[in-house]
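Worksheet: one structure, shown below.
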There are 2 protein chains.
Amino acid sequence: MQTQPVGGWLDDLASGSSTPGGGAAAAMNAAVGAALISMVCNLTIGRPKYAAYEAELTAALKNAEELRGKALELAADDAVAFAAVIAAYQLPKGTDADKRARTAAIQTALVGAAEVPLRTAELAAEVVRLSRAVLPGANVNVVSDVAVAASSARAALDAAVVNVEVNLAALTDEEQRAALRGRLAAPLAAAAEADAVVAEVRERIAK
Amino acid sequence: MQTQPVGGWLDDLASGSSTPGGGAAAAMNAAVGAALISMVCNLTIGRPKYAAYEAELTAALKNAEELRGKALELAADDAVAFAAVIAAYQLPKGTDADKRARTAAIQTALVGAAEVPLRTAELAAEVVRLSRAVLPGANVNVVSDVAVAASSARAALDAAVVNVEVNLAALTDEEQRAALRGRLAAPLAAAAEADAVVAEVRERIAK
């Protein structure tokens, strides 16, 4: 994906192949959000007017760069996890032993397929938190980009949550399902945070 | 952008150059949403189970493909409009005539710079509408991708609105400002529509 032209990646996303799909799209939205946080930091760090925020923005930049790299890895992981689910469904089901092995393989693959968007949701929540962290000290000329970063991360979050839920729906182990679903609560809380960042930016612009 | 590697485009977005910035990011989010609508259509059209929705999904696919192409054009237009604003601010202001010419040029450039995200917001609203249109007849295996499309388009919409507002804030012509702001109302209404699509998908998955 990293080396693929933007137009070609979008063509693949649009095609009748299941991957790249919603998982990669969510990861891309998170990467876009992280990249904009980096831009805001890069356009603020070193300017005397914002010297008081220098340490905070330098830390945010480092963090945003890492999150962007990880988001692109998650896009790739998503395709692998999806392939594992498909492969499990294609296992033989001739004998009872086959059937049991196949069911177990499907369940294991579904946990893996839920794990990737869960990590995407967690990553997107971190991007939202970064958008809030950089907002007070962001160069006023790019404050609108902080809102764009927050809304892109929020889209990643919303998408990742749906992608987790769709995998959990087919998971029969109640305990594992509850554990995975429980891990969604923290990233879900970041959606309201993202909206608050967008609202604050709009207020600042309107002044 | 189309021919640029994904990783390189994200590097440019993250860099200390103002373009590509939030405008291109919003356009990219809209393109991702449109691409996912195409994928859902491509994975549904031709399947006997969904024959009743064939005409609707075929029309949606054509529409989504057009919107994706236009979104990428808007990303490029955004950089051009931004460059025009910067160029206008750099005009000479030595004489009173210079100053008047410069002020007029800035105002004209700001209208252009507001126009691009306004069109992005309108386009994103169309992607949201498409997500709602394809939802009833979408292949059940990719119904989660309809939600991802809606949330990506919503991010594009939110971002584009902030990008319009930031340009309007510097516009002194009250009448023109009101006219441009008035055009935001329709796309803004699509945000709730996007949330409704995501909620409906989550309900369907939970069943």
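Does A:A52 satisfy being assigned to a helix (DSSP H, G or I) and surrounded by 15 or more Cβ atoms within 10 Å (Cβ to Cβ)? Considered against the rule, which asks whether it is assigned to a helix (DSSP H, G or I) and surrounded by 15 or more Cβ atoms within 10 Å (Cβ to Cβ), A:A52 comes out as no.
Picking from A:A60, A:A64, A:A31, A:A104, which residue would you name as being of a type outside the set (K, R) and more than 14 Å from chain B (Cβ to nearest Cβ)? When all the criteria are applied, what remains is A:A104.
Which one of B:A125, B:A79 is touching a Pro at 6+ places or on another chain (Cβ under 6 Å) and part of a helix (DSSP H, G or I)?
One residue alone meets the criteria, B:A125.
Could you tell me whether any residue of region A:27-45 is over 30 Å from A:A133 (Cβ atoms), in a helix (DSSP H, G or I) and open to solvent by less than 10 Å² (accessible area, probe 1.4 Å)? Scanning region A:27-45 turns up no residue that is over 30 Å from A:A133 (Cβ atoms), in a helix (DSSP H, G or I) and open to solvent by less than 10 Å² (accessible area, probe 1.4 Å).
B:D77 meets the conditions (1) more than 12 Å from chain A (Cβ to nearest Cβ); (2) among the acidic types (D, E); (3) surrounded by fewer than 19 Cβ atoms within 10 Å (Cβ to Cβ) in every case but one. The failed one is (3). For region B:41-54, the criterion of being more than 8 Å from chain A (Cβ to nearest Cβ), within 20 Å of the chain's Cα centre (by Cα) and modelled with pLDDT of 95 or more is met by none of the residues. Applying a threshold of 8 Å to beta carbon distances and a minimum spacing of six or more residues, or different chains, the list of pairs starting in region B:49-64 at a residue that is in contact (Cβ under 8 Å) with a residue 12 or more places away in the chain and ending at one that is assigned to a helix (DSSP H, G or I) and charged (D, E, K, R) reads B:N63/B:E126. Going through region B:144-183 one residue at a time, which ones are without any contact (Cβ under 8 Å) to a residue 12 or more places away in the chain and of a type outside the set (D, E, K, R)? The answer is B:V166, B:A169, B:A178, B:A179, B:G182. A:K70 meets each of the listed conditions (1) out of contact with any Lys or Arg (no Cβ under 9 Å at 6 or more places or on another chain); (2) open to solvent by 20 Å² or more (accessible area, probe 1.4 Å) apart from (1).
Could you tell me which residue of region B:80-101 is most open to solvent (accessible area, probe 1.4 Å), considering only residues that are away from every other protein chain (no Cβ under 12 Å) and under 23 Å from the mean Cα position of the chain (by Cα)? Step through it out loud before you land on a result.
Applying the first criterion (away from every other protein chain (no Cβ under 12 Å)) to region B:80-101 yields B:80-81, B:83-84, B:87-88, B:90-101.
If we keep only those that are under 23 Å from the mean Cα position of the chain (by Cα) as well, we get B:80-81, B:83-84.
Working: B:V80: 103, B:A81: 14, B:A83: 55, B:A84: 48 Å².
This residue is B:V80.
Within the set A:A114, A:A125, A:A121, A:A147, the sole residue that is within 10 Å of chain B (Cβ to nearest Cβ) and open to solvent by less than 10 Å² (accessible area, probe 1.4 Å) turns out to be A:A147. Here B:P136 qualifies as surrounded by fewer than 24 Cβ atoms within 10 Å (Cβ to Cβ), in a helix (DSSP H, G or I) and modelled with pLDDT of 95 or more.
Screening B:N141 on (1) of a type outside the set (G, A, S); (2) touching a residue at least 40 places away in the same chain (Cβ under 8 Å); (3) surrounded by 20 or more Cβ atoms within 10 Å (Cβ to Cβ) shows it passes everything except condition (3). Taking the criterion of being open to solvent by less than 30 Å² (accessible area, probe 1.4 Å) and within 8 Å of another protein chain (Cβ to nearest Cβ), the residues of region A:162-185 that qualify are A:V162, A:N163, A:E165. For the residues A:G23, A:G8, the requirement of being at pLDDT 95 or above, in contact with a Pro (Cβ under 8 Å, 6 or more places away or on another chain), more than 7 Å from chain B (Cβ to nearest Cβ) and within 27 Å of B:L74 (Cβ to Cβ) singles out A:G23.
The values are calculated or read from the model by the stated rules, or taken from the named source; none is laboratory data. On a predicted model such as this, the values are computed, not experimentally measured, just so you know. Cβ atoms come from the backbone with ideal geometry, glycine included; neighbour counts cover every protein chain shown. Only protein heavy atoms, including side chains, enter the accessible area calculation; ligands, DNA and RNA are left aside. Shrake-Rupley method; radii C 1.70, N 1.55, O 1.52, S 1.80 Å.
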